[in-house]
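Q: Handing you a structure now.
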Amino acid sequence: FAAVPVVVAVIYGLIWPGRIVTLKDWKDLARKIRGLADQPATAGIILLLGVLGLAILLLLIRSSNTSGFVPVAERLSRSWIENLLEVRPRTKEFLIGYPALFMAAVLFLKNRRTFLWLFLAAGSTALASLVNSFAHTHTPLEISIIRSVSGLILGIVVGIIWYGIYEGARRLARNFRS
């Protein structure tokens, strides 16, 4: 299920509401990419791309159950959450997936759709992980339900924090421009 977010992003990018991408659209996309490539790179864009690249790299490294790489901070936080809750929710659900879906919903309702596709793609991580939780036949159904509900609740809380950071950054950017 690790490829599901990528597939969802590609499908969303190829099929706009009500129509399929045509050859003309591909030419327009190529022209936009060339135009974007001609723009000077700001420090903010370079930093954003670097953070995004590191996040994707970490997601790819940590997508396997056999990955030997588990950062110390992740092990400590997992242990803390396991002691706090009876069943630990999946980290990618409550730190990435559900907060991204929360952000997508808020941005959609506020008619701010510039980054909507990005949040929806990241949010598909939660949905893929949710399906994956119930695909483990060796895990009792009650555990999967508890894990999923607690992940959703924690994800909404983290999503509210994300939104606060987003609004703070928007206000800061607006004040900086004026």
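Q: For region 101-178, what is Rg from Cα atoms divided by 2.2 N^0.38 Å, rounded to two decimals?
A: Taking the Cα Rg and dividing by 2.2 N^0.38 Å, one obtains 1.41.
Q: Between residue 174 and residue 139, 0.36 nm times their residue separation minus their Cα-Cα distance comes to what?
A: 7.7 nm
Q: Further question on the same structure: Can you give the Rg and Dmax of region 28-178 based on its C-alpha atoms, in angstrom?
A: 18.2, 58
Q: Compute the signed sum of charges (Lys and Arg +1, Asp and Glu -1) over the other residues within less than 13 Å, Cβ to Cβ, of residue 127.
A: Spelling it out: positives minus negatives among the neighbours equals +1.
Q: Of the listed peptides 104-115, 154-165, what is their order by residue-averaged count of other C-beta atoms within 10 Å, with the highest listed first?
A: Order by mean packing, descending: 154-165, 104-115.
Q: Full-extension gain between residue 118 and residue 33, please, as 0.36 nm times their residue separation minus the C-alpha to C-alpha distance.
A: The residue 118-residue 33 span can extend by a further 28.9 nm.
Read the figures in this text as sums done on the coordinates, not as results from a lab. Being a predicted model, the structure only gives us computed values, none of them experimental. Please note: Cβ atoms are built from the backbone with ideal geometry, for glycine as well, and neighbour counts cover all protein chains shown.
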